[in-house]
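**Q** Just dropping this structure here.
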Amino acid sequence: MKSVHTSVREQFSQHAEYYAQSSAHAQGDTLEVILEFADPKSTDKTLDIATGTGFTAFALAPKVSDVVATDLTPEMVAKAAELAQEQDIINVMFSVAAAESLPFATASFDLVTCRLAPHHFQDVPKFLSEVHRVLRKEGLFCLVDSVSPESQELITWQNRVEKLRDDSHVFGYPPSQWDKMIEDAGFEIEKTAHTRNAQMSFLWWVRPQKNPTEIVQEIRDAFAMLSPDDAREHYTVEHTDDDFYFSWPMYAVRARRR
Ligand SMILES: C[S@@+](CC[C@H](N)C(=O)[O-])C[C@H]1O[C@@H](n2cnc3c(N)ncnc32)[C@H](O)[C@@H]1O
């Protein structure tokens, strides 16, 4: 069976250009929230994990001492490095690394960020233990990711739908499980927020050019099976003539390393 890391690399190596141009990733509430939670200081040695094409790292760079931007997919790191050069950003360094095995010394960062990525991680507790190890005591960890609602039925529904569309999706935990995993890893949670990504067109999101027609239909059927209340309340579903728009719930956490 294909490893999770192989699926992730296969998926993201083809999409570096798409991510670099994606306004859904470049902008929006999740970037604002992580910047606000990080409260960056000019002395902060910062690590951005699963940086993709670098949106979070580049937003932090002018406000901190320096940023190490890491990602599992070499093509994403290469695109991020190219963009940093184009934008004359000189205090961001790049490294290909798995979130679950960080090639950095213990207590070497003041601030660690991770945005829109842990739902692809093979082992979230291992990732959190690595964040804890590389942060200095009292250092800050800021996370934003898509999450499931708290009901078991919707946890199962959402993860099935995400996995059908994208094989590199591993698991979107509900906020209560994030809180527990973060506290169990040795952090004190200081602040949390619920947010959402922007409304997305189903026909765009489902990637019909990549996913076979029967998979697209299976995902469409899964959305049709949601109760009207769940569709509206948890996924902000709005129907148009030949499409529908929806969003995923997102969760932000600011946690202090004990
Ligand atoms: C949606 S993109 C990241 C977006 C980025 N953090 C931002 O703020 O724009 C998800 C990234 O997670 C990376 N990724 C997935 N699994 C990973 C892992 N186990 N370790 C490190 N990076 C990983 C992928 O290669 C991809 O670049």
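The values are calculated or read from the model by the stated rules, or taken from the named source; none is laboratory data. Since the structure is predicted, the reported quantities are computational estimates derived from the model, not experimental observations. Surface areas here come from the heavy atoms of the whole protein model, side chains and all, with no ligands, DNA or RNA. Shrake-Rupley method; radii C 1.70, N 1.55, O 1.52, S 1.80 Å.
**Q** Over its Cα atoms, what ratio of radius of gyration to 2.2 N^0.38 Å does region 52-183 give?
**A** 1.12
**Q** What is the P(r) of region 86-130, as percent of Cα-Cα pairs per 10 Å bin from 0?
**A** Per 10 Å bin, starting at zero, the Cα-Cα P(r) for region 86-130 comes out as 20, 52, 24, 5 percent.
**Q** Just subtract the alpha-carbon distance of Gln209 and Ile90 from 0.36 nm times their residue separation and send over the number in nm, one decimal. Present the calculation step by step, with values, prior to reporting the outcome.
**A** Values: separation 119, 0.36 × 119 = 42.84 nm, distance 3.74 nm.
Stretched out fully, the Gln209 to Ile90 stretch lengthens by 39.1 nm.
**Q** How big is the chain by Rg and Dmax over its Cα atoms, in Å?
**A** Cα only, the chain: 18.0, 55 Å (Rg, Dmax).
**Q** Please compute the alpha carbon radius of gyration of region 56-106, then divide it by the globular-protein estimate 2.2 N^0.38 Å. Two decimals is fine.
**A** 1.13
**Q** With both partners inside the chain, how many of the DSSP beta bridges are antiparallel, as a percent to the nearest 5?
**A** 50
**Q** Would you calculate a helix-derived [θ] at 222 nm for the chain, using -39,500 (n - 2.57) for each DSSP H run of n ≥ 4 and dividing by the full residue count, to the nearest 500?
**A** Counting only the DSSP helices, I get -12000 deg cm²/dmol.
**Q** If you count only protein heavy atoms with a 1.4 Å probe, what accessible area per residue comes out for the chain, rounded to a whole Å²?
**A** Values: 11860 Å² over 258 residues.
Per residue, the chain has 46 Å² of solvent-accessible surface.
**Q** How many percent of the accessible area of the chain is carbon or sulfur, using a 1.4 Å probe?
**A** 52
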